[in-house]
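This report concerns only the one structure given below.
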Amino acid sequence: MTLLPPLSRLALAVLIALTFASPSAASDWDDLPGEFPEIFPSFVPRLPGAAPKGLCTGVRGNGNRIFAHFGSQAQLTGRYGPLRGAAGGSSGSITVFLAESIQANPLMYRCGRRACTRLETSARIALQWKTMQALPETGIGLDVATLLELLQGVQDEDILHLIQHPETLKEGIDAFLDLLRDLGPLVNPELIALIVNSPDPVFHITDVIEATQKALNFQVDDTLVFVRPGLLNWDQLATLFGRLGSFYAGYGPYDRPGVRRFLKQCAVPSLDRDWDHTAALPAGDSTCGELFIAQFDAYRERFDLDTSPSRIDDPIGRFLPNLGTTGVIVGSGVPKWEQARRDYFMATPTPLVLDFDTEVAFGYWGRRDDLRVVARGLRRESDLGSRKFAPLGRATWRTILSASPAEPGLSAGVPLPGGQVSVGGWDDPLRVLVLDALRCRHTVGVNRPGGVGGFTTDVTTLLGASPEELDALYAIANPDSSFSEGLARNEGNWCSDWDTPDGFDVEALFEAGFNAPFVTADPFFLKGRRAYPGASPDFEIFGCTAGFTGP
């Protein structure tokens, strides 16, 4: 067994995930569907408890396949206007962070000296989502190549073999530590400290390598996933996500005149086009694709991760009603987790045994008044997921993106300021009932075919859930389960088949989201000249169509 191939795939996944007929004139589209005004004042505080009118999305996590999210958001906002509310966990929390960042940018609503029309605002927001497909072509792509080059130096090192023999043990330990240090700030410093100070480095290195390989395939099979230090430094990753969000929000060293020209020349002509066609559109003596890459690379070079103002330090919900979610260990479960963590560091691992009913909850961050509205709304619900709702208060995006995407296998549990321990955003896959409780009028679940999947049920089982509780949460055949209730209560289910493309095929993943079937009977989505042609109430897709239990 060699270390390099899975870690190479992991490095590529992380860095890619970081980046991550022509329309008529704008005046012809005054009947664009949606209930938003000519200018959407994202910078004006929303009245406490006011119902979000228009489009809301609940985004299901999908790991490094996040570009499918971006395609779905490009199509939805291009057709139906700015988001009025969002909820997401795991990689979905990154997507809703970027959604809020895009809609924080005044250039989405100001077209020169006048307010943009509805069509222009929709086109500008949709274009920002499309540009994310080009991020691997920027300097971020060079980061991937550099990181993979560093890993080539250990391609022939079989670390697992070296540490099994006393005469080569030190060589194996040193090789593993060198590999971690070469990965730079993305590596978890706690993992290095664990190996340096381990009372049994053979146990810890073997366990970490084998666990990392499982994590790449979203395999979890014992409770050590909640206490074992992961490979990645999620604090550093959150900082990098913040730079990306800052670009889209227009923070820091932002070329406002240049971006204004880019939006003016490329937004409306790109409506209903994917990025490949958009990138080829002429823009003066250049193209839309070349303009964007030049602007992003220049911003990336000027942005100082330590001193530039960053979106990552904004509180959630500053510009958009937004809910971030993560599974949390609470109450008497926290000292159990702390003891299991100490045992692991002493190389004497013990199982973490939790009471799912009282020691595990589905945590949500958001504005305090939004969380109060949601809590009141969920009291009327009878499903298990709603009963497990736990408000986490209002946090910065740095806290949220250091915890929710840090799934079991790639990270140990993350202690939160409120005393809970985050164990990743696998919980509540559809995020629908919380948006319904927030009184969103037109909620779309960004989902995939096939139901919940093994990772979510495996994690929930390791946290102590019984078969009956799994059924109550996730079973499609159970019409009263939280998952089934979410499908039924959605006004629409955007069903992106993101499992079919290769996990690193950015273009195919974006297209899977951009051209997905849209299961809806809501006239808001079906009527009007800008309605999505792939929307229909007649789709029968397992895991996306409410009440459909076929294969």
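The values are calculated or read from the model by the stated rules, or taken from the named source; none is laboratory data. In this text, all values refer to a predicted model and were calculated from it rather than measured experimentally. Counting neighbours? That spans all protein chains shown, and the Cβs are built from the backbone with ideal geometry, glycine included.
List the helices (runs of 4 or more DSSP H) inside the stretch 458-551, counting only whole elements, that have at least 3 residues being surrounded by fewer than 18 Cβ atoms within 10 Å (Cβ to Cβ) and out of contact with any His (no Cβ under 8 Å at 6 or more places or on another chain). Before the answer, list the steps.
Details: elements: 467-474, 482-489, 506-514, 523-526.
Here the list reads 467-474.
Starting from residues that are farther than 14 Å from residue 260 by Cα and of a type in the set (Val, Ile, Thr), keep the ones in the stretch 114-137 and report whichever is surrounded by the most Cβ atoms within 10 Å (Cβ to Cβ).
From the stretch 114-137, those farther than 14 Å from residue 260 by Cα are 117-119, 122, 126, 129-137; that's our starting set.
Retained after the next criterion (residues that are of a type in the set (Val, Ile, Thr)): 117, 131.
Working: 117: 19, 131: 27.
The residue in question is 131.
Taking the stated definitions as given, is residue 111 touching a helix residue (DSSP H, G or I) at 6+ places or on another chain (Cβ under 7 Å) and surrounded by fewer than 24 Cβ atoms within 10 Å (Cβ to Cβ)?
Judged against the criteria, residue 111 is a match.
Please find, among 305, 323, 392, 352, the residue that is at pLDDT 95 or above, within 30 Å of residue 107 (Cβ to Cβ) and either touching a helix residue (DSSP H, G or I) at 6+ places or on another chain (Cβ under 8 Å) or not in a helix (DSSP H, G or I) (or both). So that I can check it myself, show each step before the final result.
Working: 305 fails: at pLDDT 95 or above; 392 fails: within 30 Å of residue 107 (Cβ to Cβ); 352 fails: within 30 Å of residue 107 (Cβ to Cβ).
Result: 323 is the single residue among 305, 323, 392, 352 that is at pLDDT 95 or above, within 30 Å of residue 107 (Cβ to Cβ) and either touching a helix residue (DSSP H, G or I) at 6+ places or on another chain (Cβ under 8 Å) or not in a helix (DSSP H, G or I) (or both).
Which of the residues spanning the stretch 165-179 are under 39 Å from the mean Cα position of the chain (by Cα) and within 10 Å of residue 202 (Cα to Cα)? Can you show your working first?
Of the residues in the stretch 165-179, the ones under 39 Å from the mean Cα position of the chain (by Cα) are 171-179.
Correct list: 172, 173.
Can you tell me which residue within the stretch 92-108, out of those that are crowded, with 23+ Cβ neighbours inside 10 Å and in contact with a Phe, Trp or Tyr (Cβ under 7 Å, 6 or more places away or on another chain), is farthest from residue 57 (Cα to Cα)?
First, the residues of the stretch 92-108 that are crowded, with 23+ Cβ neighbours inside 10 Å: 92-103, 105, 108.
If we keep only those that are in contact with a Phe, Trp or Tyr (Cβ under 7 Å, 6 or more places away or on another chain) too, we end up with 94, 97-98, 100-103, 105.
Numbers: 94: 13, 97: 12, 98: 13, 100: 12, 101: 15, 102: 15, 103: 14, 105: 19 Å.
Once the filter is applied, the top-ranked residue is 105.
Is it the case that residue 201 is surrounded by fewer than 16 Cβ atoms within 10 Å (Cβ to Cβ) and either of a type in the set (D, E, K, R) or under 22 Å from residue 410 (Cβ atoms) (or both)? Working first, answer last.
On the way: surrounded by fewer than 16 Cβ atoms within 10 Å (Cβ to Cβ): no; either of a type in the set (D, E, K, R) or under 22 Å from residue 410 (Cβ atoms) (or both): yes.
Spelling it out, it is not the case that residue 201 is surrounded by fewer than 16 Cβ atoms within 10 Å (Cβ to Cβ) and either of a type in the set (D, E, K, R) or under 22 Å from residue 410 (Cβ atoms) (or both).
May I ask you to list the residues in the stretch 439-464 that are at pLDDT 95 or above and of a type in the set (A, V, I, L, M)?
444, 446, 459, 462, 463
Let me confirm something: among 220, 225, which residue is assigned to a loop (DSSP other than H, G, I, E, B), of a type in the set (Val, Ile, Thr), buried (at least 16 other Cβ atoms within 10 Å of the Cβ) and in contact with a strand residue (DSSP E or B) (Cβ under 6 Å, 6 or more places away or on another chain)?
Values: 225 fails: assigned to a loop (DSSP other than H, G, I, E, B).
None of the other options fit; the residue is 220.
So, in the stretch 218-243, how many residues would count as being of a type in the set (A, V, I, L, M) and at pLDDT 95 or above? Outline the logic, then answer.
Just the residues of the stretch 218-243 that are of a type in the set (A, V, I, L, M), to begin with: 220, 224-225, 227, 231-232, 237-238, 240.
So of that shortlist, the ones also at pLDDT 95 or above come out as 224-225, 227.
Matching residues across the stretch 218-243 total 3.
So the check is Cβ under 8 Å with 6+ separation or different chains; which pairs have a first residue in the stretch 314-341 that's of a type in the set (Lys, Arg) and a second one that's surrounded by fewer than 18 Cβ atoms within 10 Å (Cβ to Cβ)?
336/353
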